[in-house]
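Just below is one structure, and these are the notes that go with it.
The values are calculated or read from the model by the stated rules, or taken from the named source; none is laboratory data. Everything numeric in this text was worked out from a predicted model, so none of it was measured. Cβ sites come from the backbone with ideal geometry, for glycine too, and all protein chains shown count toward neighbours.
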Amino acid sequence: MDEEALLDALRTVIDPEAGMNIVELGLVYGVEAAPPHATVRMTLTSAACPLGDYLSDTVRAALRGRFPELEEVSVELVWEPPWTPERMSAEARNFYGWK
């Protein structure tokens, strides 16, 4: 499984407050896997976001669902660099009307 396949699985994880997947929102800072383990480095739009546990659990479920050989998925919440809307994909910025 390469990085793009992992990111594709993570595109199924929707941030319920934003209504868009975490990859397009720019919340995923890195992902790697060497079965049976995978690590996702991601952030939240703010440190006060109440969805941290929910998103972490959903990330784990998405990767394990797509790649059953992953027995352990670690989610590392990182705060540097801080998330800004500039991290969003062009698709996400267009969705929100931000150029």
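Summary of computed values
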{"quantity": "Which listed residue, of E24, E69, E80, is charged (D, E, K, R), at pLDDT 95 or above and loosely packed, with under 12 Cβ neighbours inside 10 Å", "calculated": "E69"}
{"quantity": "Pairs where the first residue, in segment 48-64, is farther than 15 Å from V28 by Cβ and the second is among the hydrophobic types (A, V, I, L, M, F, W, C), C-beta under 8 Å, 6+ apart", "calculated": "R64/L70; R64/V73"}
{"quantity": "Top-ranked residue of segment 11-21 - restricted to ones that are in contact with a helix residue (DSSP H, G or I) (Cβ under 6 Å, 6 or more places away or on another chain) and within 15 Å of V40 (Cα to Cα), ranked as surrounded by the most Cβ atoms within 10 Å (Cβ to Cβ)", "calculated": "V13"}
{"quantity": "From the options Y54, Y96, residue that is surrounded by fewer than 16 Cβ atoms within 10 Å (Cβ to Cβ), modelled with pLDDT of 95 or more and hydroxyl-bearing (S, T, Y)", "calculated": "Y54"}
{"quantity": "Hits in segment 83-93 (condition: surrounded by 14 or more Cβ atoms within 10 Å (Cβ to Cβ) and of a type outside the set (S, T, Y))", "calculated": "W83, R87, M88, A92, R93"}
